[in-house]
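Structure, as structure tokens:
The values are calculated or read from the model by the stated rules, or taken from the named source; none is laboratory data. Because the structure is a prediction, the values reported are computed rather than measured. Cβ: placed from backbone, ideal geometry, glycine included. Neighbour counts: every protein chain shown. For the accessible areas, the whole protein counts, side chains as well, though only heavy atoms, and no ligand, DNA or RNA atoms are used. Shrake-Rupley method; radii C 1.70, N 1.55, O 1.52, S 1.80 Å.
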Amino acid sequence: MTTRLNPYLQFDGTARDAVTLYQRVFGGDVELSTFGEAGLSDDPAARDKIMHAMLTTPGGLVLMCSDTPPGMQHAPFTGSAAVSLSGDDDAELRGFWAGLADGGTVTLPLEVAPWGDAFGMCVDRFGVHWMVNIAGAPTPG
């Protein structure tokens, strides 16, 4: 197996909703298990929370996530990290952008940047920061 770098996001009880959104945006298959299924919690408030979820897309993207484990404090990102998507498939990346920005906040509109690519930044409805770069994207007209 080749070494891969996979984003692993942690949520405060919204991992199931987040991975459902990401599956809608990116396509692919989701595998998930809960803290209860793993025998890590008998607490009714925690047993159905996500211990581990993995989204694998037909294009090879892998995104993992979980809810904060029982007994631990959730420590969300504060914008010091982002998940970056880049490539040259204009339609695909614009579709990803639209899905991620829907219900979230656009912090930098997706438009042609000084280096000639289309670039934008947003925070999705779950607080995850995203950057999208479309190589050599045509100027919107």
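Of the strands (runs of 3 or more DSSP E) lying entirely inside the range 1-72, those containing at least 1 residues that are among the aromatic types (Phe, Trp, Tyr) and surrounded by fewer than 18 Cβ atoms within 10 Å (Cβ to Cβ) span 8-11.
Scanning the range 12-60 for residues that are over 11 Å from the mean Cα position of the chain (by Cα), of a type outside the set (D, E, K, R) and under 15 Å from residue 74 (Cβ atoms) yields 13, 14, 35, 45, 46, 50, 51.
Would you pick out the residues in the range 18-50 that are in contact with a Lys or Arg (Cβ under 9 Å, 6 or more places away or on another chain) and under 15 Å from residue 128 (Cα atoms)? Matches in the range 18-50: 18, 21. No other residue among 99, 104 is touching an Asp or Glu at 6+ places or on another chain (Cβ under 7 Å), surrounded by 15 or more Cβ atoms within 10 Å (Cβ to Cβ) and not polar (S, T, N, Q) apart from 104.
Within the range 74-91, the presence of at least one residue that is part of a helix (DSSP H, G or I) and in contact with a strand residue (DSSP E or B) (Cβ under 9 Å, 6 or more places away or on another chain) is confirmed. In this structure, residue 136 does not qualify as at pLDDT below 95 and closer than 30 Å to residue 66 by Cβ.
Say we look at the range 114-125 and pick out the residues that are within 23 Å of the chain's Cα centre (by Cα) and open to solvent by less than 60 Å² (accessible area, probe 1.4 Å); which of these is nearest to residue 19 (Cα to Cα)? Of everything passing the filter in the range 114-125, 124 is nearest to residue 19 (Cα to Cα).
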